[in-house]
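The values are calculated or read from the model by the stated rules, or taken from the named source; none is laboratory data. Quantities reported herein were computed from a predicted structural model and do not represent experimental measurements. Here Cβ is always computed from backbone atoms with ideal geometry, including for glycine, and neighbour counts include all displayed protein chains. SASA here: full protein model, heavy atoms, side chains in, ligands and nucleic acids out. Shrake-Rupley method; radii C 1.70, N 1.55, O 1.52, S 1.80 Å.
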Amino acid sequence: SELYPTGPRVPSEASELSYQKALQLVFQGGDPVLARRLLVESSDAGHTRARTDLGLMYLKGMGGLVPDRALACQLLQQSAIEGHVRAMQVLSTELERGESAGQNRAAINFWRQQAAEATRALAVSASTLEGSSSSAKPAH
């Protein structure tokens, strides 16, 4: 598959609801197996943030999962391709930590650069929105 970011997918309403329920379970100490199942469902439905979170869970062995670095990196790469900045950052770090880091130097640099560019774009977008909302305020 092509490695250039395509931009985030818009999640379906059902996958977003599953994702939100999974987050609620995770942060409120709920059933980790159900949370994982909901994340898998959302991820399988193309929900980028759910896929990233699932990749992080596999990376760290959370929610009763056996750590699986290869699967985690695969999930993170899918999310990175869809433009998820955190996935880009974690993926580049994990590629650097890997046994074949020397062979992955181009991929490491690529994802670091993509993450930096996406972060800059988000900062510019946020400052533009902030500037437009302050200029839209009525004068007294």
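With the convex hull of its Cα atoms as the shape, the range 17-140 has an orientation-averaged projected area of 10.0 nm². The order of the peptides 67-73, 53-59, 108-114 by mean Cβ neighbours within 10 Å, most packed first, is 53-59, 108-114, 67-73. Based on Cα contacts under 8 Å between residues 6+ apart, the chain shows a relative contact order of 18 percent. The amide H of Glu82, built 1.01 Å from its N in the peptide plane, has Thr6 as neighbours under 5 Å, considering only residues 5 or more places off or on other chains. Have a look at Val66, Val40, Val90 and tell me which one the Gaussian network model of the chain (Cα, springs below 10 Å) gives the largest fluctuation. Among Val66, Val40, Val90, the largest mean-square fluctuation in the Gaussian network model of the chain belongs to Val66. To the nearest 10, the accessible area of Ser127 is 70 Å² with a 1.4 Å probe. Distance between the pseudo-spin-label points of Ser125 and Leu34 (7 Å out from Cα toward the beta carbon): 3.3 nm.
Taking the protein heavy atoms of the chain in the context of the full set of protein chains, the accessible area attributed to carbon and sulfur is 56 percent at 1.4 Å.
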